[in-house]
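Presented below is the structure to which this report refers.
The values are calculated or read from the model by the stated rules, or taken from the named source; none is laboratory data. Source: prediction; values computed, not measured. As a convention, Cβ positions derive from the backbone with ideal geometry for all residues, glycine included, and neighbour counts pool all protein chains shown. With ligands, DNA and RNA removed, areas are computed over all heavy atoms of the protein, side chains included. Shrake-Rupley method; radii C 1.70, N 1.55, O 1.52, S 1.80 Å.
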Amino acid sequence: MKRLDLIIPHERLTDINELLHKHKVGGMTFYDIKGRGRAKREPVSVGRGVMRYVPEFGFRTKIEVLVPDDKAKAIIDDVLKVISTGSASDGKIFVYDVAEAYDIGSKEKGDAAL
């Protein structure tokens with residue numbers, strides 16, 4: 001099985017959630033993160049709009065999801081199709097191999113635990 005880590009703009013979270021439902025993915029974890037990448041940062045107004053500065057770090061949402069090996073490529077392709085606008089600020093996808101997974105309640109393991 002694979003763990004997909006998606007770093008995306010927060011506005012795209014519902015799009016990814018719908019996409020994962022379409023692929024019958026059982027669950028996902030997401031949280032708000034801060035960081036910097038290659039994307040160009042836009043100046044923001046401070047106070048009454050007199051001062052402007054360019055923030056060092058941007059806000060994104062990170063989604064972690066476990067999927068069976070045979071679904072991973074299709075999900076990644078759909079995410080790229082739905083999210084990509086051609087901008088460096090669209091986000092990233094990281095793919096990791098997961099050796100084992102266990103469902104504590106049902107005591108199932110492997111893909112059945114997902």
Among residues of the stretch 25-39, those that are open to solvent by 70 Å² or more (accessible area, probe 1.4 Å) and either closer than 13 Å to LEU4 by Cβ or touching a helix residue (DSSP H, G or I) at 6+ places or on another chain (Cβ under 8 Å) (or both), counted: 4
Quick one: would you say ALA101 is in contact (Cβ under 8 Å) with a residue 24 or more places away in the chain, touching a strand residue (DSSP E or B) at 6+ places or on another chain (Cβ under 7 Å) and either within 19 Å of ALA113 (Cα to Cα) or not acidic (Asp, Glu) (or both)? yes
Please determine, by comparing only the residues of the stretch 66-81 that are open to solvent by 60 Å² or more (accessible area, probe 1.4 Å) and touching a residue at least 12 places away in the same chain (Cβ under 8 Å), which one is nearest to MET28 (Cα to Cα). LEU66
Can you tell me which residue is nearest to LYS22 (Cα to Cα) among those in the stretch 48-65 that are of a type in the set (A, V, I, L, M, F, W, C) and open to solvent by 70 Å² or more (accessible area, probe 1.4 Å)? PHE59
Qualifying positions in the stretch 94-114 - in contact with a helix residue (DSSP H, G or I) (Cβ under 6 Å, 6 or more places away or on another chain) and either at pLDDT below 90 or β-branched (Val, Ile, Thr) (or both): none
If you go through SER106, SER87, the only one that is loosely packed, with under 12 Cβ neighbours inside 10 Å, out of contact with any Lys or Arg (no Cβ under 6 Å at 6 or more places or on another chain) and either within 17 Å of GLU11 (Cβ to Cβ) or touching a residue at least 24 places away in the same chain (Cβ under 8 Å) (or both) is SER87
Turns out the strands (runs of 3 or more DSSP E) fully within the stretch 1-87 with at least 3 residues that are modelled with pLDDT of 95 or more and closer than 21 Å to GLY110 by Cα are 2-8, 58-67
Would you pick out the residues in the stretch 90-103 that are more than 14 Å from ILE8 (Cα to Cα) and surrounded by 15 or more Cβ atoms within 10 Å (Cβ to Cβ)? ALA101
